[in-house]
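S.K.: What follows is a structure written as structure tokens; I'll ask about it next.
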Amino acid sequence: METADFMPGETATAAIRKDIESYEAARASVARQVRWRVPVFVGLVVVAVVVLTWLFNKVADPNEQWFSPPHVFLYAVGFAASSLLYFQAMKPATRLQQSFRQTLLPIIFGFIRDVRYQHGGRPNSFDRLPREAVGPFNRQAFDDVISGRYDEFPFELYEAELREGTGKGSSTAFKGVIVAFEAIEPFPGILVATRRTNAVIGFFRGMFTARMQELSSGEPLLDETYEFRTDNVEAARPLVTGRLAQALKWLGETWPDDPARVALNGGDGFLLLPQAKNFFELPDISVPLDYNRHVAPMISDMGAMLATAALVRKIGAKNAAG
């Protein structure tokens with residue numbers, strides 16, 4: 001499909017522009033609030049830290065001034081407090097933008113039937129995502145979750161960040177968009193295609209996917225990029241050497257930055273698109289919202305992702321065209 005196929009008609013566009021005008025009226029007022037709230041809220045912490053540091057220096061050993069344990073503890077508390085107060089100062093902007101997105105997103109995606117939107121909730125399909133597609137993780141966070149029907153199949157699309165470990169030692173298992181969709185024909189088991197990793201990560205992934213067998217597509221360039229693993233080799237082999245290989249080559253041209261991942265689990269299919277970009281984020285509260293610059297790209301991005309999922313959905317179908 002072309003981008004124009006996803007764009008709303010004149011009537012819908014006029015309604016969206018009217019909503020943008022209402023948002024703009026509120027945005028200007030909130031932007032003024034934030035401009036004074038941030039320096040005042042954070043400034044109070046800075047002043048408090050400076051005063052307490054000066055008092056500590058009065059009683060501290062000259063060799064321990066500025067860097068004594070009490071000083072370090074004070075700096076840490078000050079940093080935590082300033083971060084907390086910064087987010088508190090930004091709350092009017094956060095509330096306005098989230099409220100507008102809840103109104104805007106269902107309207108702009110007119111090509112989706114029964115569209116539903118939520119923010120930060122746990123997606124219904126997430127527990128059915130094969131963990132072999134992302135590797136081990138112990139923390140997960142979700143941003144926008146959009147569900148509905150596209151091209152006559154139900155889907156759930158969500159932004160997710162999955163991490164393993166804690167603190168500075170944590171690593172990203174996956175960050176990007178996951179599109180979960182209903183398979184045309186169920187796959188009898190699990191099949192995943194993931195980016196081939198280095199030896200160390202591959203060792204730990206191998207431990208995590210011990211029950212899975214690795215397959216080859218027979219195409220050297222594709223096998224250099226992807227690992228194919230399954231718990232049903234007989235059913236997976238014709239897919240890995242056929243439609244799945246074709247779809248992944250097409251995905252390599254469509255999403256060239258970081259290889260997309262694909263997972264099949266019974267009647268569920270998953271398309272994972274690694275991406276640091278927040279697809280549905282509004283510009284900073286200080287920036288006027290523009291339909292062509294900010295809203296239209298959301299529509300085309302959503303359309304492209306769902307059209308890609310529709311293609312990937314055909315992988316396991318015996319009689320699907322294309």
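S.K.: Quick check on the stretch 220-260: of everything there that is in a loop (DSSP other than H, G, I, E, B), of a type in the set (Asp, Glu) and modelled with pLDDT under 90, which residue is most open to solvent (accessible area, probe 1.4 Å)?
M.R.: Taking the candidates together, the pick is ASP257.
S.K.: Can you name every residue in the stretch 149-187 that is touching a Gly at 6+ places or on another chain (Cβ under 8 Å) and not aromatic (Phe, Trp, Tyr)?
M.R.: PRO154, GLU159, ALA160, GLU164, SER171, ALA173, ALA180, GLU182, ALA183, ILE184, GLU185, PRO186
S.K.: Every residue in the stretch 120-131 that is crowded, with 17+ Cβ neighbours inside 10 Å and within 14 Å of GLY266 (Cβ to Cβ), please.
M.R.: Quick first cut of the stretch 120-131, residues crowded, with 17+ Cβ neighbours inside 10 Å only: 123, 125-126, 129-130.
Matches in the stretch 120-131: SER125, LEU129, PRO130.
S.K.: Working only within the stretch 170-210, note down all residues that are at pLDDT 70 or above and open to solvent by 70 Å² or more (accessible area, probe 1.4 Å).
M.R.: Result: THR172, LYS175, GLU182, ILE184, PRO186, PRO188, ARG195, ARG196.
S.K.: Additional query: Starting from the stretch 101-125, take each residue that is among the hydroxyl-bearing types (Ser, Thr, Tyr) and list its partners that are surrounded by 13 or more Cβ atoms within 10 Å (Cβ to Cβ), counting only C-beta distances under 6 angstrom and pairs at least six apart or across chains.
M.R.: TYR117/LEU105; TYR117/PRO106; TYR117/ILE146; SER125/GLU156; SER125/ALA180
S.K.: Can you tell me how many residues within the stretch 37-55 are surrounded by 12 or more Cβ atoms within 10 Å (Cβ to Cβ) and touching a residue at least 24 places away in the same chain (Cβ under 8 Å)?
M.R.: 9
S.K.: Within the set of pairs 6+ apart or on separate chains, which have a first residue in the stretch 25-36 that is on the phi > 0 side of the Ramachandran plot, a second that is acidic (Asp, Glu) and at pLDDT 90 or above, and C-beta atoms under 7 Å apart?
M.R.: Listed pairs, sorted by first residue: none to list.
S.K.: Condition first: assigned to a loop (DSSP other than H, G, I, E, B), surrounded by 14 or more Cβ atoms within 10 Å (Cβ to Cβ) and in contact (Cβ under 8 Å) with a residue 60 or more places away in the chain. Now tell me which residues in the stretch 261-287 satisfy that.
M.R.: GLN275, PHE279, PHE280, LEU282, ILE285 - these are the residues of the stretch 261-287 that are assigned to a loop (DSSP other than H, G, I, E, B), surrounded by 14 or more Cβ atoms within 10 Å (Cβ to Cβ) and in contact (Cβ under 8 Å) with a residue 60 or more places away in the chain.
S.K.: Working only within the stretch 288-319, note down all residues that are assigned to a loop (DSSP other than H, G, I, E, B), within 23 Å of ILE190 (Cα to Cα) and open to solvent by 20 Å² or more (accessible area, probe 1.4 Å).
M.R.: As a first pass, look at the stretch 288-319 and keep what is assigned to a loop (DSSP other than H, G, I, E, B): 288-290, 313-319.
Add one more test, that the residue is within 23 Å of ILE190 (Cα to Cα), and what stays is 313-319.
Within the stretch 288-319, ARG313, LYS314, GLY316, LYS318, ASN319 qualify.
S.K.: Go through the stretch 8-36 and give me each residue that's closer than 21 Å to ALA89 by Cβ and open to solvent by 40 Å² or more (accessible area, probe 1.4 Å).
M.R.: Initial filter on the stretch 8-36 (closer than 21 Å to ALA89 by Cβ): 23, 26-36.
SER29, ARG32, GLN33, ARG35, TRP36 - these are the residues of the stretch 8-36 that are closer than 21 Å to ALA89 by Cβ and open to solvent by 40 Å² or more (accessible area, probe 1.4 Å).
The values are calculated or read from the model by the stated rules, or taken from the named source; none is laboratory data. Treat the numbers as computed from the prediction; the structure is a model and nothing was measured. Cβ atoms come from the backbone with ideal geometry, glycine included; neighbour counts cover every protein chain shown. Side chains included, ligands, DNA and RNA excluded: accessible areas come from the protein's heavy atoms. Shrake-Rupley method; radii C 1.70, N 1.55, O 1.52, S 1.80 Å.
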